[in-house]
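Here's the structure we're looking at; comments come further down.
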Amino acid sequence: FVYHRMKDHPVETKDGLGLGLVDASGQYKRSWSLWALTNRFDIIPNKLSCGFQHLPYVLLKRALHSVDGHFTTTRPLPSGYKLERTWKLFREYQANTKLIFECVRTHDKRNFPSIHQNCENQEAWGPLGYIYIDQSTNSRAAPIYRCRSGTDYFISPDSNCENTTNEGLLGYVLS
């Protein structure tokens, strides 16, 4: 998360930076109502959006592009990718979970998931979410594997990786 002060500060605004929801004179900006009225879980029906509608989960997405191959993310999909399947990861730490990460290979910009925070010495895009370490906490959790076909990385619940290379178990997810 990126946090910034709610009210613009004169030192920043003189240089053109005004990230607050309230200007230096105390007037609410137009973005205030968007911020204040979005993702309200305290009213019925709730108005959760922007990924928060799945709390306490985030959706782990497997998508495919006809030219660029697969993409694994919990963020909105890049243009041209078609969603193939989703699974649930926890947004915050839970017992018996670990954080997994979204990574990109530096030489060809191929997206892949990793259990390593340093993204196996590749480019780190940030956390995907928390995944079960095993099935002891939730018997409904299913294994998910990192798979590779040539330079195309994808995730699959199939331990045979759909007849491609299994690069290892990431953890256990909920459907």
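The values are calculated or read from the model by the stated rules, or taken from the named source; none is laboratory data. All figures in this text were calculated on a predicted structure; none of them were measured in a lab. With ideal geometry, Cβ positions are generated from the backbone for all residues, glycine too; neighbour counts draw on all protein chains shown.
Scoring Leu83 on the criteria (1) closer than 30 Å to Thr165 by Cα; (2) among the aliphatic types (A, V, I, L, M); (3) modelled with pLDDT under 80 leaves a single failure, condition (3). Screening Gly51 with (1) modelled with pLDDT of 85 or more; (2) within 17 Å of Val173 (Cβ to Cβ); (3) surrounded by 14 or more Cβ atoms within 10 Å (Cβ to Cβ) gives one miss only, at (1). When segment 99-120 is filtered for residues that are polar (S, T, N, Q) and in a strand (DSSP E or B), the ones remaining, listed by number, are Asn111, Ser114. Is one or more of the residues making up segment 1-13 at pLDDT 80 or above, in a strand (DSSP E or B) and out of contact with any Phe, Trp or Tyr (no Cβ under 8 Å at 6 or more places or on another chain)? Yes - at least one qualifying residue is present in segment 1-13. Taking segment 135-149 as the range and being surrounded by fewer than 16 Cβ atoms within 10 Å (Cβ to Cβ) and either under 19 Å from Glu102 (Cα atoms) or at pLDDT 95 or above (or both) as the test, the residues that pass are Ala142, Ser149. Would you confirm whether or not segment 154-164 contains a residue that is crowded, with 16+ Cβ neighbours inside 10 Å and closer than 19 Å to Pro56 by Cα? No, every residue in segment 154-164 fails to be crowded, with 16+ Cβ neighbours inside 10 Å and closer than 19 Å to Pro56 by Cα.
Taking each residue of segment 68-96 that is more than 18 Å from Ile133 (Cβ to Cβ) and looking for partners that are assigned to a loop (DSSP other than H, G, I, E, B) and among the hydroxyl-bearing types (Ser, Thr, Tyr) with beta-carbon atoms closer than 6 Å, six or more apart or interchain, yields Phe71/Tyr81. Restricting attention to segment 85-98, the residues being closer than 11 Å to Leu60 by Cα and assigned to a loop (DSSP other than H, G, I, E, B) number 1. The residue of segment 80-109 that is farthest from Tyr172 (Cα to Cα), among those that are surrounded by 12 or more Cβ atoms within 10 Å (Cβ to Cβ) and of a type in the set (Val, Ile, Thr), is Val104. Taking the condition in contact with a Gly (Cβ under 7 Å, 6 or more places away or on another chain) and within 20 Å of Leu169 (Cα to Cα), does Phe112 pass? Taking the combined requirement at face value, the residue does not satisfy it.
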